[in-house]
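Trainee: So that we are looking at the same thing, I have put the structure below in structure tokens.
The values are calculated or read from the model by the stated rules, or taken from the named source; none is laboratory data. Computed from a predicted structure; not experimentally measured. For neighbour counting, all protein chains shown are included, and Cβ atoms are generated from backbone atoms with ideal geometry for every residue, glycine included.
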Protein chains: 2
Amino acid sequence: MVMMKLNAKILGLEADKPIVLLNKEDAEEIDVRPLDRVELIVGRKKVNCIVNIAEHFIKSGEIGLYRKISRYTNAKPNQLVDVIPSAPPMSIKYIKDKMAGKTLDDSAIRKIVEDTVERRLSEIELTAFVTALEYHGMTTSEVASLSRHMALTGKTLDLGKKDIYDKHSIGGVPGDKTSMMVVPVIGAAGLTIPKTSSRAITSPAGTADRFECLAPVDLNLEEIKRVVKKVNACLVWGGAVDLAPADDIFIKIEYPLSIDPLLLPSVMSKKKAVGAKYLVIDIPTGEGTKVKTTKDAEALAEKFITLGKKLGIQTVGASTFGEQPIGHGIGPALEAREALSTLMYGRGPEDIVDKVTTIAGMLLDFKMKKSGKEEALRLLKSGKAYKKLQEIIEAQGGDPNIKPDDLPIGPEKVEVKSSVSGVVGWIDNRAIVEIARASGTPKDKGAGIYLHKKIGDTVKKGDTLFDIYAEKKYKLERALEIAQSVRAVGVGKKYDMLLEKIPRVMDHPKYFILER
Amino acid sequence: MVMMKLNAKILGLEADKPIVLLNKEDAEEIDVRPLDRVELIVGRKKVNCIVNIAEHFIKSGEIGLYRKISRYTNAKPNQLVDVIPSAPPMSIKYIKDKMAGKTLDDSAIRKIVEDTVERRLSEIELTAFVTALEYHGMTTSEVASLSRHMALTGKTLDLGKKDIYDKHSIGGVPGDKTSMMVVPVIGAAGLTIPKTSSRAITSPAGTADRFECLAPVDLNLEEIKRVVKKVNACLVWGGAVDLAPADDIFIKIEYPLSIDPLLLPSVMSKKKAVGAKYLVIDIPTGEGTKVKTTKDAEALAEKFITLGKKLGIQTVGASTFGEQPIGHGIGPALEAREALSTLMYGRGPEDIVDKVTTIAGMLLDFKMKKSGKEEALRLLKSGKAYKKLQEIIEAQGGDPNIKPDDLPIGPEKVEVKSSVSGVVGWIDNRAIVEIARASGTPKDKGAGIYLHKKIGDTVKKGDTLFDIYAEKKYKLERALEIAQSVRAVGVGKKYDMLLEKIPRVMDHPKYFILER
């Protein structure tokens, strides 16, 4: 066994991987290359590290320790540490198998997921795995194994209850505040729904970003348990809880490549981790969303249902109209206002009310068989859902008496007006997202878009189509610049039949929706 | 346009990519994520950088500059620099096209190669590209474009001559000292052969490692020109010359994944860069090499020939017997000794002489039509090739009168003896490589293996099968340990017909040969 004793040099540097820096000569001596792994022994602590090579910054005889390593090992400056080249993780073999088109068994997938979470795999290896899944696809068993091990390698929420309800939208339509409204409806029906959500990646707002306008969402597992035990529902950010942490690592690979082969295990591992037994998957469908046709939506729903069966989660799918934003507000505060007001008054934009009661109704149907939608509408109109919302807000540490107008929007604002008269024929979700992102969402909670006109609405020349809000003037200007260069809202004669001239002049580059 | 002014913090850190470290909050403010790109403006210098995020090490308002960036921009500590998020490089779109199975045109490939060389692509993107080539394959035009742009993005050797000869082995067989012997033969024939070679990646020695025992090989482009003008041949390390630098970047991705989709452009870009017009591709063939059958060798040779036509390089292929090492020595000095001695005395191991004169003969045939092999043998036996070798050694700065025994081997040595009598039925190249690497090759030039028995040789119980040499005792022990656990040399009865029992017990894991 080759071993080398080197002097620790403590670096302040951070990395999400356990990196050590070796001098070029020392690395050659023990025959390790960049990205190879070494085992480090510091006193009685052992840790597996990834090697980077330095020619000048680290001298021969030294080893540079990144923050994560120096903290974990408690290494002191100049302390002698043992460095031993390690065999590459077994999972690399399985990744190569998948690259070669083989089907992986449960133990191979377990190893890959474990090594992913333990940060034993390099970006090259992770990318090779994710792209192999994209090219070769997965069997149902592979998807189930991935979901299971992605859940098992993270924390799990054990509420000691059997009947846990959950909903999930695969995303793709802006302004979709359904989750933060379905949860109080289901909670008001006395069912348990511990909803974890993500923050926006490519969209103007995620459920966690929206609900954060009303109450803290960064709860840890104990706090979530306490909230759910008290009010049988919550709306928290999943990222603070470390459920299925492999998913975050995979997303970092998928995002720059605009591929999404892990959609199913990503969603279902998190549902498994919270112990969900009944699940509705919302699949926004149509041009400008992720799923273009109801046929595609059906096929995707079938996959979720089959996978659900393997994981012990009763699942139904809902293909919902996604060709324009839901409601009027787009952006964290604008959406939170609209959701809060609809729950408070028991009425609001028709599409919101219909979507919320439909999804909630499908969840209630698991228990009641049929008539769930009516029950959901009753809970919304009667103010019971609002009361549950207040309980959730309070339990999570927010002000239960917060009013829509208490949520700051703007202060910068500009109105975008129509230059023609006619009827709104279409709304381009992608353009809406681009403008909203430019205005500052999701980081600036008060930024975003308020849509005055939606599909089918009559427009007179000079009418305001939408407002853009921003917290910062330069962001408003940037958003306006985009709004002027793309057509976000299409106004024309009611029976304009030409949808697209081919070849079409691309207004702006296609972008990729990763939100799940 | 979002822009941020940040205080430069000069880090001593090195990386092969232009990395800057931003504080998490600042990154959110200008909406960049890890691996996104920013443009940095420092005084009048502009540079494109890749973003890493730090939470503590870099404070809000600061930007950490890696060595490469701080040197290039001449930034001073605390100097205010402008940071602007940049659009991702266009080539990412083309990479996604290739991932989707599309064929790339010449300009798309040019952009990808340029962005690769300029370090504008992340490891994730590079891996996605390399794996896409592996999965989807390439058209002849794509391979030609890749070869051409990989050559054009590096330096080129312009000798002002039309008839440049070259040879290349795709590797895979240990102890192959053919190149360092073919070059003096061709040089002795009065032809121009500016041979650049690689160092070992996964093998015990590359041609550059071998020839370095006789003369310096780290010549720059001007020095190479001077040498070739003087003695019309050279044997140098390609890595010092920056020919087709994209190749080194691709190899770093291919290596950990054990895939080799860029074999053809890798080889041919370098031949193009030295202006080769006549080329022989040696394809070692057989069990234990990269190419298992002559049928596969033919197919690969055809590809090289077709590609050569597109690039203006007349190419022929040679499928050569590769089921055992060439000659007896394996390891830089052991191989250099054998090559030097064979050239000096005009005779040596039969397989070496036959292979060298065959390959050299095929090159001579380009000029003379047939009878090349006889001419090559004549040049070898007459001592003319040795004289040319001495000229090359001297021109490159070595001692032309160096003798085989002047090259130090060992000093540690152990003999591995046969425990049975019989005939050598097979030699396991992979085992030989593993033992030689463990003994210290290619770094320790005196380390390696001397094979006493080869296929067909009669062995008595107790006869030495091979010696292991090492520079360090612990490496010798490690090599011996491996030699005792694997069967490198198979001794049996002459007509033992059983090759393998299935399922076979794997002696040691399969490994991947990347040498080109």
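Trainee: Do you know which of the residues in segment B:286-316 that are part of a helix (DSSP H, G or I) and of a type in the set (D, E) is surrounded by the fewest Cβ atoms within 10 Å (Cβ to Cβ)? Step through it out loud before you land on a result.
Mentor: So the first thing to find is which residues in segment B:286-316 are part of a helix (DSSP H, G or I), and the list is B:294-311.
Keeping just the survivors that are of a type in the set (D, E) gives B:296, B:298, B:302.
Numbers: B:D296: 14, B:E298: 15, B:E302: 12.
Among them, the one singled out is B:E302.
Trainee: Looking at this structure, is A:I95 in contact with a Phe, Trp or Tyr (Cβ under 6 Å, 6 or more places away or on another chain) and either in contact (Cβ under 8 Å) with a residue 40 or more places away in the chain or away from every other protein chain (no Cβ under 14 Å) (or both)?
Mentor: So A:I95 fails the test.
Trainee: Among the residues of segment A:444-457, is there at least one that is on the phi > 0 side of the Ramachandran plot, in contact with an Asp or Glu (Cβ under 7 Å, 6 or more places away or on another chain) and within 14 Å of another protein chain (Cβ to nearest Cβ)? Lay out the reasoning, then the answer.
Mentor: So the first thing to find is which residues in segment A:444-457 are on the phi > 0 side of the Ramachandran plot, and the list is A:448, A:456.
Add one more test, that the residue is in contact with an Asp or Glu (Cβ under 7 Å, 6 or more places away or on another chain), and what stays is none.
The answer is no; no qualifying residue exists.
Trainee: Let me ask another. Please work out which residue is nearest to B:I92 (Cα to Cα), limiting yourself to segment A:243-263 and to residues that are outside any helix (DSSP H, G or I) and of a type outside the set (G, A, S).
Mentor: A:I259
Trainee: Could you grab me the full set of residues in segment B:109-128 that are at the interface with another protein chain (Cβ under 10 Å from one of its Cβ atoms) and on the phi > 0 side of the Ramachandran plot?
Mentor: none
Trainee: Report, by residue number, each residue of segment A:3-27 that is surrounded by fewer than 16 Cβ atoms within 10 Å (Cβ to Cβ) and within 11 Å of chain B (Cβ to nearest Cβ).
Mentor: A:M3, A:G12, A:D16, A:K24, A:E25
Trainee: Also, I was wondering about something else. Restricting to segment A:465-479, name every residue that is within 14 Å of another protein chain (Cβ to nearest Cβ) and within 27 Å of the chain's Cα centre (by Cα).
Mentor: Within segment A:465-479, A:A470, A:E471, A:K472, A:K475, A:L476, A:R478, A:A479 qualify.
Trainee: Still on this structure, please answer the following. Answer with yes or no whether A:T464 is buried (at least 19 other Cβ atoms within 10 Å of the Cβ), touching an Asp or Glu at 6+ places or on another chain (Cβ under 9 Å), closer than 16 Å to A:G329 by Cβ and among the polar types (S, T, N, Q).
Mentor: Working: buried (at least 19 other Cβ atoms within 10 Å of the Cβ): no; touching an Asp or Glu at 6+ places or on another chain (Cβ under 9 Å): yes; closer than 16 Å to A:G329 by Cβ: yes; among the polar types (S, T, N, Q): yes.
Considered against the rule, which asks whether it is buried (at least 19 other Cβ atoms within 10 Å of the Cβ), touching an Asp or Glu at 6+ places or on another chain (Cβ under 9 Å), closer than 16 Å to A:G329 by Cβ and among the polar types (S, T, N, Q), A:T464 comes out as no.
Trainee: Of all residues in segment A:243-278, which are basic (K, R) and either closer than 23 Å to A:V291 by Cα or without any contact (Cβ under 8 Å) to a residue 60 or more places away in the chain (or both)?
Mentor: A:K252, A:K270, A:K271
Trainee: Pick from segment B:264-285 the residues that are among the hydroxyl-bearing types (S, T, Y) and part of a helix (DSSP H, G or I): which of them is surrounded by the fewest Cβ atoms within 10 Å (Cβ to Cβ)?
Mentor: B:S266
Trainee: Please work out if A:P77 is within 11 Å of chain B (Cβ to nearest Cβ), of a type outside the set (D, E) and assigned to a loop (DSSP other than H, G, I, E, B).
Mentor: no
Trainee: On the given criteria, is B:I30 more than 9 Å from every other protein chain (Cβ to nearest Cβ), surrounded by fewer than 20 Cβ atoms within 10 Å (Cβ to Cβ) and in contact (Cβ under 8 Å) with a residue 12 or more places away in the chain?
Mentor: Answer is yes for this residue.
Trainee: Mind listing whichever residues of segment B:36-65 are within 13 Å of chain A (Cβ to nearest Cβ), part of a loop (DSSP other than H, G, I, E, B) and farther than 18 Å from B:V2 by Cβ?
Mentor: Residues satisfying the conditions are B:E55, B:H56, B:F57, B:I58, B:K59.
Trainee: Does A:E142 qualify as being modelled with pLDDT of 95 or more, among the charged types (D, E, K, R) and under 26 Å from A:R430 (Cα atoms)?
Mentor: Spelling it out, it is not the case that A:E142 is modelled with pLDDT of 95 or more, among the charged types (D, E, K, R) and under 26 Å from A:R430 (Cα atoms).
Trainee: What do you reckon, is B:L363 within 23 Å of B:A208 (Cβ to Cβ), of a type outside the set (D, E, K, R) and over 21 Å from the mean Cα position of the chain (by Cα)?
Mentor: Against the criterion (within 23 Å of B:A208 (Cβ to Cβ), of a type outside the set (D, E, K, R) and over 21 Å from the mean Cα position of the chain (by Cα)), B:L363 qualifies.
Trainee: For residues in segment A:63-84 being closer than 24 Å to B:G440 by Cα and surrounded by fewer than 18 Cβ atoms within 10 Å (Cβ to Cβ), which is modelled with the highest pLDDT?
Mentor: Across segment A:63-84, the extreme among qualifying residues is A:D82.
Trainee: Next question, about the same structure. Hey, can you tell me all the residues within segment A:85-110 that are of a type in the set (S, T, N, Q) and surrounded by fewer than 18 Cβ atoms within 10 Å (Cβ to Cβ)?
Mentor: Answer for segment A:85-110, where residues must be of a type in the set (S, T, N, Q) and surrounded by fewer than 18 Cβ atoms within 10 Å (Cβ to Cβ): A:S86, A:T103, A:S107.
Trainee: OK, next. Taking segment A:390-429 as the search range and keeping residues that are in a helix (DSSP H, G or I) and of a type in the set (V, I, T), which one is surrounded by the fewest Cβ atoms within 10 Å (Cβ to Cβ)?
Mentor: A:I393
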